[in-house]
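A quick write-up on the structure given underneath.
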Protein chains: 2
Amino acid sequence: MTISQFYPTINSVTQIRACTRDDQTGSKTVSGRPKASPQLNRWSRARAIRSGHKLDRSSPRTQPLEPNPPAPQLSLPVDPHDAVNFDAADVRTVKSIYMVSDGTGWTAEHCVSAALGQFDYCLVDRGCPVSTHLFSGIDDMEKLLEITKQAAKEGALLVYTLADPSLASAAKQACKLWVVPSTDVLGPITEAIASHLGVSPSGLPRGASGVPLSDDYFRRIEAIEFTIKQDDGASPQNLAKADIILTGVSRTGKTPLSIYLAQKGYRVANVPIVLGLEMPRTLCRVDPSKVFGLTINPVVLQNIRKSRAKTMGLSSDSMSNYWEMDYVREELEFAGRLFAQNPLWPVIDVTGKAIEETAAVVLRLYHDRKAKCIMPRISKRY
Amino acid sequence: MTISQFYPTINSVTQIRACTRDDQTGSKTVSGRPKASPQLNRWSRARAIRSGHKLDRSSPRTQPLEPNPPAPQLSLPVDPHDAVNFDAADVRTVKSIYMVSDGTGWTAEHCVSAALGQFDYCLVDRGCPVSTHLFSGIDDMEKLLEITKQAAKEGALLVYTLADPSLASAAKQACKLWVVPSTDVLGPITEAIASHLGVSPSGLPRGASGVPLSDDYFRRIEAIEFTIKQDDGASPQNLAKADIILTGVSRTGKTPLSIYLAQKGYRVANVPIVLGLEMPRTLCRVDPSKVFGLTINPVVLQNIRKSRAKTMGLSSDSMSNYWEMDYVREELEFAGRLFAQNPLWPVIDVTGKAIEETAAVVLRLYHDRKAKCIMPRISKRY
């Protein structure tokens, strides 16, 4: 079924330009940039960002924008219940991104979130506010076209992961017809893999093909359960069964990091370091190549502890020195001495790092030690 | 710096075709397919997969492959330490996918994993074995080109997420020159968002721009910590503080599901249902719109419990009826009666569903109830 059969009034629909497009910029010319090494360019960009400058649209990757046609009056009524927190001013200033999937939508969400990381510098001061809307389980044409129509009304960008090729094709056509900027996140990589393997994709979202859950999946579930039970030094006798052991003072991120790693299939135990308390003997007996120390800047740690204590509603009497700078420094030094006694444990400074970043560092080191490859990597067999 | 300046021997390098390419298929013509509704097509594909048929390369999305040029002899020595479990037979049968990132690489990994979901039907019987190799933190040209060179030797597909535009450009050039199939996962979506917002991407991997971690990030960390403390009904008095409450019999996936949701920022409590035990009173007092029941097919549950008991090394004496069918059915019926007494709790059948899929269902319902949109969605403001 083609879109025009589905939507007999297609001609009136093509008149739609969302009223939010007034402020979109048109084409910009590429400005001359002095030649520099990639490293220098990165430092320059980071410096510019930290000093609050907006980056112009002159990166080598940028294609000049096609100038937007002038926006005619909106011909379809906009339903205020169709947009979250909709009001006319909001729609003009906040840019919408619609993420549409015939499966869970987590891949589209992850990709959008990753890409938005490159706009952190203007999101952080609401210089370019964005709202994202995830539509998952969109496995029929009617729902897909309704959402695309709404995207057209709101001037949203449509990002889609549609395993079903007819839905993907319909989305592409509808976006072209209704002038909705869009990007297919799943199609290109699926096609690349299909060509590489020489077999066709199923065209079905994961879970719909009836293929049973894999052993690897159940191993990840078991890793999560192991890790939760080992949280906060709960069972030191089980350290030998862990793949990875994290150790560090309170609030260095051991718990969320261990959970993140567990979801990737690693059994993780975490062992807190507390000023004056002896470490469990089992920690000194395990294979040192699985142990990773975490450290952090004392000022940052103090802030995190204060904030945590406040969230938990703890008064300054009950934990009188937990966040005091002297105690914080002393505890970090205590941890530092323990790390120095165990030089085979890598020590990772987690200051300013998101859990995902620390996890990447841990796993690079972990696999590097195991595999001793010339080119360190994390490998997996399907 | 161009690639030929970097690699003066570029002409010898272009001779490389990895010896694994012998078995790659060439172009196939599109076969005629009877017209059918998208739903019927999906059912047909699922049926074909379940009956063990391989899908031909005739999906509407498929572009005919460019015929591969004949593979000349490999001119560079292949270092056995450079590939995991390398041996000549292995390289010919197992296809490699290299995932390269100047950041963590988790986005590339997620996308490859999602796309591979469409090849589950042939991965499951090792009809098209694949090994993936993740190279993260590749933020300089030399490392990038070494990896690309290795990909060329192994006949690997290169999938990259390179925020730095000069690295992305170099990867594209190198792959073209050395005939490495490749796909840029991050570039297209970053460009689409840049055009949509009218600002340039920073060109820096997340974390490198110096923008501090957001409030949303810390909220997610706090949600994880809350959820771990509430696991398995640990603190029923805190149910009112949870955003989402999961309830179901043992082994319906409450723990891993609660962790998955917590990582998305939801405070989750889980309450086990045990045959004969009264539910905590607080559960009946909380807002029913936050409670979700989990159920499962009894045969599947029995298998999971048996397998779990075996993993834990439990003998048949210690948990004599935990996995016996009569007990399993009785406990599920007990749960069913509880759910019937609380009709406002949605009940989700998790049989055969991966955690990610159940999470998508829970969150769709959760947000639908909260927002009462005509078009249910999960929305977020940046």
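The values are calculated or read from the model by the stated rules, or taken from the named source; none is laboratory data. Note that the coordinates shown come from a computational prediction; the quantities given were computed from them, not determined experimentally. All Cβ positions, glycine included, derive from the backbone under ideal geometry; neighbour counts span all protein chains shown. All accessible areas refer to the heavy atoms of the entire protein, side chains included, with ligands and DNA or RNA removed. Shrake-Rupley method; radii C 1.70, N 1.55, O 1.52, S 1.80 Å.
List of remarks:
- B:D125 vs. criteria more than 22 Å from A:V362 (Cα to Cα), within 7 Å of chain A (Cβ to nearest Cβ) and either at pLDDT below 95 or surrounded by fewer than 20 Cβ atoms within 10 Å (Cβ to Cβ) (or both): no
- Selection status of A:A170, of a type in the set (A, V, I, L, M, F, W, C), assigned to a helix (DSSP H, G or I), more than 25 Å from the chain's Cα centre (by Cα) and within 17 Å of A:D139 (Cα to Cα): yes
- Applying the criterion of being modelled with pLDDT of 80 or more and among the small types (G, A, S) to the residues of the range B:208-234, the residue that is most open to solvent (accessible area, probe 1.4 Å) is B:S214.
- Per-region count, the range A:128-148, residues within 10 Å of chain B (Cβ to nearest Cβ) and either among the small types (G, A, S) or not in a strand (DSSP E or B) (or both): 13
Here's the yes/no breakdown for (1) open to solvent by 10 Å² or more (accessible area, probe 1.4 Å); (2) basic (K, R); (3) in contact (Cβ under 8 Å) with a residue 12 or more places away in the chain:
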site: A:F119; (1), (2), (3): no, no, no
site: A:A163; (1), (2), (3): no, no, yes
site: A:V179; (1), (2), (3): yes, no, yes
site: A:E191; (1), (2), (3): yes, no, no
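- Positions within the range B:149-167 being of a type in the set (G, A, S), in a loop (DSSP other than H, G, I, E, B) and on the phi < 0 side of the Ramachandran plot, in sequence order: B:A156, B:A163
- Apart from one condition, A:L294 fits all of (1) over 19 Å from A:E331 (Cα atoms); (2) touching a strand residue (DSSP E or B) at 6+ places or on another chain (Cβ under 6 Å); the exception is (1).
- Checking each residue in the range A:128-141 for being open to solvent by 20 Å² or more (accessible area, probe 1.4 Å) and modelled with pLDDT of 95 or more picks out only A:M141.
- You will find that of A:I224, A:I138, the residue that is in the same structural domain as A:K241 (by TED's automatic domain parsing) and hydrophobic (A, V, I, L, M, F, W, C) is A:I224 and no other.
- Whichever residue in the range B:260-282 is of a type outside the set (A, V, I, L, M, F, W, C) and part of a loop (DSSP other than H, G, I, E, B) and, among such residues, is nearest to the other protein chains (Cβ to nearest Cβ): B:K264
- Qualifying residues in the range A:198-241 (those that are assigned to a helix (DSSP H, G or I) and over 28 Å from the mean Cα position of the chain (by Cα)) - the one farthest from A:A108 (Cα to Cα): A:Q237
- Qualifying residue in the range B:351-368 (condition: modelled with pLDDT of 95 or more, open to solvent by 70 Å² or more (accessible area, probe 1.4 Å), more than 8 Å from every other protein chain (Cβ to nearest Cβ) and closer than 30 Å to A:D216 by Cβ): no
- Any hit, the range B:179-191, residues being more than 7 Å from chain A (Cβ to nearest Cβ) and more than 26 Å from the chain's Cα centre (by Cα): yes
- Residue satisfying all of: in the range A:338-350; open to solvent by less than 50 Å² (accessible area, probe 1.4 Å) and β-branched (V, I, T); nearest to the other protein chains (Cβ to nearest Cβ) among these: A:V350
Residue by residue, here is whether (1) modelled with pLDDT of 90 or more; (2) of a type in the set (V, I, T); (3) within 25 Å of the chain's Cα centre (by Cα); (4) open to solvent by 10 Å² or more (accessible area, probe 1.4 Å) holds:
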site: A:G253; (1), (2), (3), (4): yes, no, yes, yes
site: A:S258; (1), (2), (3), (4): yes, no, yes, no
site: A:K264; (1), (2), (3), (4): yes, no, yes, yes
site: A:R267; (1), (2), (3), (4): yes, no, yes, yes
site: A:P272; (1), (2), (3), (4): yes, no, no, yes
site: A:G276; (1), (2), (3), (4): no, no, no, yes
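- So B:Y322, is it open to solvent by 40 Å² or more (accessible area, probe 1.4 Å), aromatic (F, W, Y) and in the same structural domain as B:R220 (by TED's automatic domain parsing): no
- Screening B:K172 with (1) in contact (Cβ under 8 Å) with a residue 60 or more places away in the chain; (2) open to solvent by 10 Å² or more (accessible area, probe 1.4 Å); (3) more than 7 Å from every other protein chain (Cβ to nearest Cβ) gives one miss only, at (1).
- Some residue of the range A:111-119 being at the interface with chain B (Cβ under 9 Å from one of its Cβ atoms) and closer than 18 Å to A:G207 by Cβ: no
- Selection of the range B:195-207 for residues being touching a residue at least 24 places away in the same chain (Cβ under 8 Å) and either on the phi < 0 side of the Ramachandran plot or surrounded by 22 or more Cβ atoms within 10 Å (Cβ to Cβ) (or both) yields B:P201, B:S202, B:G203, B:L204, B:P205, B:R206.
- Some residue of the range A:77-90 being buried (at least 21 other Cβ atoms within 10 Å of the Cβ), modelled with pLDDT under 95 and more than 18 Å from the chain's Cα centre (by Cα): yes
- Hits in the range B:98-110 - residues which are open to solvent by 10 Å² or more (accessible area, probe 1.4 Å), closer than 20 Å to B:S169 by Cβ and within 7 Å of chain A (Cβ to nearest Cβ): B:T107
- Test for B:T183: is it at pLDDT 95 or above and either within 28 Å of B:L261 (Cα to Cα) or outside any helix (DSSP H, G or I) (or both): yes
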